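S.K.: My structure is below; once you've seen it, I'll send some questions.
The values are calculated or read from the model by the stated rules, or taken from the named source; none is laboratory data. Everything numeric in this text was worked out from a predicted model, so none of it was measured. Here the Cβ is made from the backbone with ideal geometry for all residues, glycine too, and neighbour counts use every protein chain on show. Protein only, heavy atoms only, side chains kept; ligands, DNA and RNA dropped before computing areas. Shrake-Rupley method; radii C 1.70, N 1.55, O 1.52, S 1.80 Å.
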Amino acid sequence: MPEELARLTEFVYEMGLLKRYKRSGWLVAGVAAPESIADHSFRAAVLAGVLAALEGASPERAVLLSLFHDSQETRLTDLPYLAQRYVARTPNEQVTANQVRGLPAPVAELISGSVAEYEQRASLEARCARDADKLECLLQAIEYRDQGHHTIQPWIDSSLAALQTPSGKKLADEALATGSLDWLHGVVNGENGPVAG
């Protein structure tokens, strides 16, 4: 058990790299200080839970799948789509198997099973988590566009095209029709503020 605990500690430190690695596609779009992989994964997990609830799936399961969907990027980094055309990429399940080697069996099974389910798209929760990944990219693109970056339309288009769930498509349509700070104006104007008690 001491060896497994040491290995688990190493794994947790490795996952911390996701807070430092930037999403490289945004650099191609001219965003000087893009979000980190962990930033992306956090909101994708929130969206996965939301979509799963709307679709009648398990929000908890969808959130879990989403949390580990990019965990392999500690070793692969976030290769932009342009680079992926020229690099033979190891399947995420194989990278995950290497990452969890030596971890306590229940933890290794949890992570490996989550990644396999996400990659196979077999469950509704996996489809919600995959849509959440694309929807998060779309929302981030809208936010960057609202901040003055005008080269991100391809990210919006590809994200929209990849959505599969009815709820994901509806939420994307609403996001496109809404400014990224409209919620703030509503709070400031008292429309979405504290409930009178």
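S.K.: Between GLN153 and GLN94, what FRET efficiency follows from the Cβ-Cβ distance if R0 is 30 Å, with the result rounded to 0.05?
M.R.: Details: r = 34 Å, r/R0 = 1.14.
Once the sixth-power term is evaluated, E becomes 0.30.
S.K.: At a probe size of 1.4 Å, how large is the accessible area of LYS22, to the nearest 10 Å²?
M.R.: The accessible area comes out at roughly 100 Å².
S.K.: While we're looking at this one, here's another question. Round to a whole number: what % of the accessible area of the chain belongs to carbon and sulfur, probe 1.4 Å?
M.R.: 59 percent
S.K.: Still on this structure, I have one more. Can you run phi through the Karplus equation (6.51, -1.76, 1.60; θ = phi - 60°) for the stretch 150-160 and list ³J(HN,Hα) in whole Hz, with x for Gly and Pro?
M.R.: 9, 10, 9, 4, x, 5, 5, 4, 5, 5, 4
S.K.: Would you list, by chain and number, the aspartates and glutamates whose Cα falls below 13 Å from the Cα of LYS22, excluding same-chain residues fewer than 8 positions away?
M.R.: GLU35, ASP39, ASP70, GLU73, ASP78
S.K.: Related question: If the chain between ASP146 and VAL87 were fully stretched, how many nm would it gain, using 0.36 nm times the residue separation less the Cα-Cα distance?
M.R.: Here the answer is 18.0 nm.
S.K.: Turning to a different aspect of this structure: Determine the order of TYR21, TYR13 by accessible area, beginning with the largest, at a probe radius of 1.4 Å. Before the final figure, lay out each step's value.
M.R.: On the way: TYR21 70, TYR13 175 Å².
Final ranking, largest accessible area leading: TYR13, TYR21.
S.K.: Note the full-extension length gain between ARG75 and SER36 as 0.36 nm times their separation in residues minus their Cα-Cα distance, in nm to one decimal.
M.R.: Roughly 12.6 nm would be gained on extension.
S.K.: Using 0.36 nm per residue, how much length does the chain from GLU60 to VAL187 gain when fully extended, once their Cα-Cα distance is taken away? Show your work: numbers first, answer last.
M.R.: Numbers: separation 127, 0.36 × 127 = 45.72 nm, distance 2.85 nm.
Extra length from GLU60 to VAL187 when fully extended: 42.9 nm.
S.K.: In nm, to one decimal, how far is the ALA116 label point from the GLU14 one, both placed 7 Å along Cα→Cβ?
M.R.: 1.8 nm
S.K.: Mind ranking 38-49, 150-161, 176-187 by how tightly packed they are, going by the mean number of other C-beta atoms within 10 angstrom, highest first?
M.R.: 38-49, 150-161, 176-187
S.K.: Output wanted: per-residue J couplings in Hz (rounded whole) for the stretch 55-62, from phi through Karplus 6.51 cos²θ - 1.76 cosθ + 1.60, θ = phi - 60°, x for Gly and Pro.
M.R.: After applying 6.51 cos²θ - 1.76 cosθ + 1.60, I find 8, x, 9, 7, x, 4, 5, 4 Hz.
S.K.: Out of all Cα-Cα pairs in the stretch 32-118, roughly what percent, to the nearest whole number, are more than 20 Å apart?
M.R.: 43 percent
S.K.: How fast does the stretch 42-197 diffuse by Stokes-Einstein, in µm²/s, taking the Kirkwood radius from C-alpha pairs at 4 °C and 1.567 mPa s? It would help to have the intermediate numbers written out before the result.
M.R.: Values: Rh = 17.2 Å.
So the translational diffusion coefficient is about 75 µm²/s.
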